[in-house]
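Derivation of every value follows stated rules applied to the coordinates shown; laboratory data play no part. It should be emphasised that the depicted structure is a prediction, and the values quoted were computed from it without experimental measurement. Cβ atoms come from the backbone with ideal geometry, glycine included; neighbour counts cover every protein chain shown.
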Amino acid sequence: MKICVIGGGGAIGGYLAVMLARAGNEVTVVARGATLAAIQERGLALIMDDQPEPLIAQVNAVEKITDVENPDLVILAVKAHQVEPIVDDLAKIMGPNTILIPMQNGIPWWYFQKLAGPFQDHSVETVDAGGNAKKAINPDNIIGCVVYPATFTQAPGVIRHVEGNRFPIGELDGQVTERIQAVSEAMVAAGFKSPVLEDIRSEIWLKLWGNMTFNPISSLTHGTLEGICQYPLTRELARSMMTEAQTIAEKLGVTFRVDIERRIAGAEKVGKHKTSMLQDLEAGRSLEVDALLGSVIELGKITDTPTPCLNSVYALTKYLDENVQASKGSLSLPSVSGY
């Protein structure tokens, strides 16, 4: 299969690119700067605890999306707020039969496309202002996906795998098609668990349930998953946020296959792990607060669901992000004397 990974030098994109290339697929990654140079010079490296040596994949590496020619499958492995600037170039490489798998956390721009009901084709303005992505990308090209592995970028062109290998996928209308079965088989052949789900949106909410709570709480407290879940006050805050989100999701027809306590317990078992948002905060990068939390609040408004806890945490995290970006990633408390 001819595969393009946009964001292929990043944590998840790099993990996918290495494994898919080593399984015999023709993989091209789109990267920039030092990461692009490192991949072109040395290949893409993946470090895994169960492997004595790094796994190296020689992949094609380009800087521009429009340099990619006729891919069968495009994996969009960039942050949600990074989609809008590239959506026009992305549309240019999409043929009628090209499969696109967006791998953003949170509520995706395509959430209401091909979803029967009163909100069909509604735009999610928080992650897709003006409906730009919805207009540029044909929903017939899209397969939904939920990303469960934990990975991080150790150095340009070097990805460290922490845990997990699950990438459940699903057609937007819930059908089990030949193309989605082919994608699942390609993912499984590369070493991933990639079951085909008939309700990908419920899986999105199950993952989001944790991300929309633990990510912002960890950013505000600098706590790990284990610490947040074991400290009574933050555990209760997480439970309250999840309860509000569950009410919204169930109004949209979502079914949760686990309860809140089991979801919190699952996060606790991950241990002293820093969430991706906390890692972004420490690196001075923009936070995914709109995709993970703002979008849920938006869906709360359209379903007439009160979200007091979500609103409060969103306001604090959004202000934190604004301050970090204004300080160019060097936010710190000033020294105070005389007390």
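Under a Gaussian network description of the chain, with springs only between Cα atoms under 10 Å, the residue in Val176, Val289, Val158 that fluctuates furthest is Val176.
Return the FRET efficiency for the residue pair Glu185, Lys64: r is the Cβ-Cβ distance, R0 is 41 Å, and the value is rounded to the nearest 0.05. My answer for the efficiency is 0.85.
Select from the chain the helices, each a whole stretch of DSSP H, whose alpha-carbon atoms run 18 Å or more along the helix axis and whose Kyte-Doolittle mean is at least -1.0; answer none if there are none. Answer set is 200-221, 232-251, 308-326.
For region 201-325, report the translational diffusion coefficient in µm²/s to the nearest whole number, using Stokes-Einstein at 25 °C, 0.890 mPa s, and a Kirkwood Rh over Cα pairs.
170
Full extension of the chain between Glu178 and Arg239 yields a length gain of 18.0 nm, computed as 0.36 nm times the residue separation minus the alpha carbon distance. Measuring nothing but how far apart in sequence close Cα pairs (under 8 Å, 6+ apart) lie, relative to its length, region 207-303 scores a relative contact order of 42 percent. Remark: C-alpha extents of region 2-198 on the principal axes read 53, 31, 28 Å, sorted largest to smallest.
Diagonalising the gyration tensor over the Cα atoms of region 34-81 and scaling each eigenvalue by 5 before taking the square root yields semi-axes of 23, 14, 12 Å, largest first. Largest GNM mean-square fluctuation among Ile107, Ile75, Ile56, using the chain with Cα springs under 10 Å: Ile56. Taking a straight line from the alpha carbon of Lys328, these lysines sit under 28 Å away, with near neighbours fewer than eight places off in the same chain left out: Lys64, Lys79, Lys272, Lys274, Lys318.
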